[in-house]
Amino acid sequence: MSTVINIVSKNPDFTECKTRLKSLLSREERVYITKHMLDITCSVVSEFNTTNILHLFPNKEGKFIKNLSNKYNIMPQIQRAGRLSDKIHSIFNQDNLIFEKKLVIGADIPSLSIDEISECINSLDEYDCVFGPSNDGGFYLVGTKANAHFIFENLNMDTILINSLIAICKKNKISYKLIRELKDIDCEKDLLFI
């Protein structure tokens, strides 16, 4: 089965990143953390023989992104504007006709490993959706096959809770699996996990 792995991130050189850490860290420090985590994520994803795409907001410009793209053979694209649910649905939809297995991964999970991605890809042989929950109630990874990505359509949300996605799957009789919970980096206490 053909697989695409999509990474979703802000372009740290062209927009504010990690804004919930503004009171603690300078812009330069937040940019550094974002770049470091983006490098980790791209490094892990590059281990797979898949099509890998980096979706960036507000643009795909800059030396850092060019070097990252070349280093890990990841194609940068401009991320759609709008709410998180719209962005995720748009990413899955553009891949719809080409790939049988589609993954979207956030770029702020420093403990992400090949194990979670492998488990997601393999589990899509049996399940329609696979979720990697984050310990704040959200998720760091979602994988879908067929048209199961419709669960993000018309959600109109920036904060998407894993329990909401599970409820949508149950209501629509979509099979799903949860993989290992990981920590994302959003606030001050999360910095202990870097």
Notebook entry, point to check: For segment 48-186, what is the charge dipole size about the Cα centre, in debye to the nearest 20, if Lys and Arg each add +1 at the Cβ and Asp and Glu each add -1 at the Cβ?
Noted result: 320
Check: If R0 is 35 Å, what FRET efficiency do you get for residue 156 and residue 75 from their C-beta distance, rounded to 0.05?
Finding: 0.80
Checklist line | segment 11-118: relative contact order in percent, alpha carbon pairs under 8 Å with at least 6 residues between | finding: 29
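Give the percent of DSSP beta bridges with both residues in the chain that are antiparallel, rounded to the nearest 5.
The antiparallel proportion sits near 30 percent.
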Note to self: If you fit an axis through the alpha-carbon atoms of helix 114-123 and take the longest principal axis of the Cα set of the chain, what angle between them do you get, 0 to 90°, nearest 10?
What the structure shows: 20
Check: How much accessible area per residue does the chain have, in Å², with a 1.4 Å probe?
Finding: 49
Next item on the list: Considering Cα pairs under 8 angstrom that are at least six residues apart, work out the relative contact order of the chain and quote it in whole percent.
Entry: 24
Next item on the list: Please list the equivalent ellipsoid semi-axes of segment 92-145, computed as the square roots of five times the alpha-carbon gyration tensor eigenvalues, in descending order and whole angstrom.
Entry: 19, 12, 10
Notebook entry, point to check: Toward the positive end of the charge dipole of the chain, about the Cα centre and with charges on Cβ (Lys, Arg +1; Asp, Glu -1), which of 124, 48, 174 goes farthest?
Noted result: 174
Note to self: Could you tell me the calculated FRET efficiency between residue 175 and residue 136, based on Cβ-Cβ distance and R0 = 22 angstrom, to the nearest 0.05?
What the structure shows: 0.30
Item checked: Candidates per GluC sites (Glu not before Pro) in segment 25-101, loop by DSSP, up to 10 other Cβ within 10 Å -> none
Check: Tell me, what % of the accessible area of the chain is carbon and sulfur with a 1.4 angstrom probe?
Finding: 49
Margin query: To test your reading of the geometry: what angle, between 0 and 90 degrees and rounded to tens, separates the Cα axis of helix 27-45 from the longest principal axis of the chain?
Written below: 40
Next item on the list: Report, in debye and to the nearest 20, how large the dipole of segment 70-148 comes out about its Cα centre when Lys and Arg carry +1 and Asp and Glu carry -1 on their Cβ.
Entry: 420
Notebook entry, point to check: Given R₀ = 30 Å, FRET efficiency for residue 146-residue 13 by Cβ-Cβ distance, to 0.05?
Noted result: 0.20
Check: Expressed in nm to one decimal, what extension gain is obtained for the pair residue 2 and residue 61 from 0.36 nm per residue of sequence separation less their Cα-Cα distance?
Finding: 18.4 nm
Check: So how tilted is helix 84-94 from the main axis of the chain? Cα-based, degrees 0 to 90, rounded to 10.
Finding: 60
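The values are calculated or read from the model by the stated rules, or taken from the named source; none is laboratory data. Computed from a predicted model, the values in this text were never measured in an experiment. A quick note on method: Cβ atoms are made from the backbone with ideal geometry, for glycine too, and the neighbour counts reach across all protein chains shown. Keep in mind that these areas ignore ligands, DNA and RNA; they rest on the heavy atoms of the full protein, side chains included. Shrake-Rupley method; radii C 1.70, N 1.55, O 1.52, S 1.80 Å.
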